[in-house]
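This report refers to the structure that appears directly beneath it.
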Amino acid sequence: METIRVEELSKSYAKTQALSEVSFTARAGTVLGLLGPNGSGKTTTVRILSTLMRPDSGRAWIDGHDVVAQPHHVRSVIGLTGQYAAVDDELSGQQNLELIARLLGSSRTAARARATELIERFRLEGAARRLAKTYSGGMRRRLDVAASLVGGPRVLFLDEPTTGLDPRSRNEVWTLVRELVGDGVTVLLTTQYLEEADHLANDLVVLDQGRVVATGTPIGLKARVGGLALQVRVEDPDRCAQAAEYVTAATGVEATVDQDTGLIGAPVGDVKALRRLAEQLETADIPFVELGLRQATLDEVFFALTGRNAQSAGPDPVSAGTTERNPR
């Protein structure tokens, strides 16, 4: 069953085409990962689907409701967490959640009960009475996601929810997402972190320059570009660029170079490329300390599909942050 359906959405700002006939669907109770570099249209898509912006053309439905014709119905079933925490620093965690519940029409008693329930669920009991400005980054993010759930949404939009978080806090958010999906919530997750999409997403939509360039499961997209990756590390770091050219020639895909580790890699569909590369490096007298095949990463798949890294483009024309919370 489809909870999100998007058909040929287009949106432009002045001379910038943010979205061009974007179409995709999301199954109920799953995570749909919306991937793309900065400026690819991810945030624009989220803002349209959450009724914060009207498309120039195309249609979209959330839980069967048209986002343009039935915005009130859509807002009653969604929650939204933007790229940056939007809690009130001068209120405690408990007060933040109670305030949102009251704005959504709950009585004082019901608001207090709902806030307490979410505080416990998101493991914030010890900090419930502390001002939000004293929270760590991970705690603020948990509070922010909790705020998006006050209205009990069936669909949750998470727009780059782990931007700026340390690895431990990021893992905390990942755990929360898995728990939400386990409860039947459908999550649309936008992210630049390919590892994040690999861990969380059931299905993926890859955007580039406002267009859908690929869809499928993480495993399916990896298989599409070969499923395996060729990896080499040369003895002389100064010859990395030259070796990368040989990797590109052997695989038919532009190689990536990790500047920190010196590893050169590219997706490969033909295991014979390993032998070809070894022969080319030997002929060119480029000694290597590591050479082999491994499972391709989603980052390599993304590079093969778009020709660039996920964080290589300019910013989305739309402001990244938003304070909207399941508006009615």
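The values are calculated or read from the model by the stated rules, or taken from the named source; none is laboratory data. Keep in mind that this is a model prediction, so the values were computed, not measured. All Cβ positions, glycine included, derive from the backbone under ideal geometry; neighbour counts span all protein chains shown. Areas reflect the complete protein model, heavy atoms only, side chains present, ligands, DNA and RNA absent. Shrake-Rupley method; radii C 1.70, N 1.55, O 1.52, S 1.80 Å.
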Residue within segment 282-290 that is over 30 Å from Val31 (Cα atoms), at pLDDT 80 or above and crowded, with 16+ Cβ neighbours inside 10 Å present: yes
Qualifying positions in segment 198-248 - out of contact with any Leu (no Cβ under 7 Å at 6 or more places or on another chain) and under 28 Å from Tyr13 (Cβ atoms): Asp208, Gln209, Arg211, Val212
Residue count for segment 45-99, restricted to those that are closer than 22 Å to Gly137 by Cβ and either over 21 Å from the mean Cα position of the chain (by Cα) or of a type in the set (A, V, I, L, M) (or both): 16
Within segment 1-18, tally of residues that are open to solvent by 70 Å² or more (accessible area, probe 1.4 Å) and aliphatic (A, V, I, L, M): 2
Test result for Thr297, modelled with pLDDT under 85, hydroxyl-bearing (Ser, Thr, Tyr), closer than 23 Å to Ser40 by Cα and touching an Asp or Glu at 6+ places or on another chain (Cβ under 8 Å): yes
Enumeration of residues in segment 185-200 that are open to solvent by 10 Å² or more (accessible area, probe 1.4 Å) and in contact (Cβ under 8 Å) with a residue 40 or more places away in the chain: Val185, Gln192, Tyr193, Leu194, Glu195, Asp198, Leu200
Helices (runs of 4 or more DSSP H) within segment 20-121 that include 1 or more residues closer than 27 Å to Asp299 by Cβ and open to solvent by less than 40 Å² (accessible area, probe 1.4 Å): 42-49
Cβ-Cβ under 9 Å pairs, at least 6 apart or on other chains, segment 256-278 side crowded, with 20+ Cβ neighbours inside 10 Å, far side acidic (Asp, Glu): Thr256/Asp299; Thr256/Glu300; Ile264/Asp258; Gly265/Asp258; Gly265/Glu300; Ala266/Glu254; Ala266/Glu300; Pro267/Glu300
Qualifying position, being in contact with a strand residue (DSSP E or B) (Cβ under 7 Å, 6 or more places away or on another chain) and more than 18 Å from Val77 (Cα to Cα), among Ala14, Ala18: Ala18
Number of the exception - Pro153 against (1) at pLDDT 95 or above; (2) on the phi < 0 side of the Ramachandran plot: (1)
Residue selected from segment 218-236 under the condition at pLDDT 90 or above and of a type outside the set (A, V, I, L, M, F, W, C), by the criterion least open to solvent (accessible area, probe 1.4 Å): Gln231
Filtered residue count, segment 201-213, keeping only those that are of a type outside the set (D, E, K, R), out of contact with any helix residue (DSSP H, G or I) (no Cβ under 8 Å at 6 or more places or on another chain) and surrounded by fewer than 19 Cβ atoms within 10 Å (Cβ to Cβ): 2
Pairs, first over 12 Å from Leu99 (Cα atoms) in segment 109-121, second part of a helix (DSSP H, G or I) and open to solvent by 100 Å² or more (accessible area, probe 1.4 Å), C-beta under 8 Å, six or more apart: Ile119/Glu125
Given (1) over 30 Å from Ala110 (Cβ atoms); (2) crowded, with 17+ Cβ neighbours inside 10 Å; (3) of a type in the set (Val, Ile, Thr), number of the condition Val155 does not satisfy: (1)
Every residue from segment 1-40 that is among the acidic types (Asp, Glu) and under 17 Å from Arg211 (Cβ atoms): Glu7, Glu8, Glu21
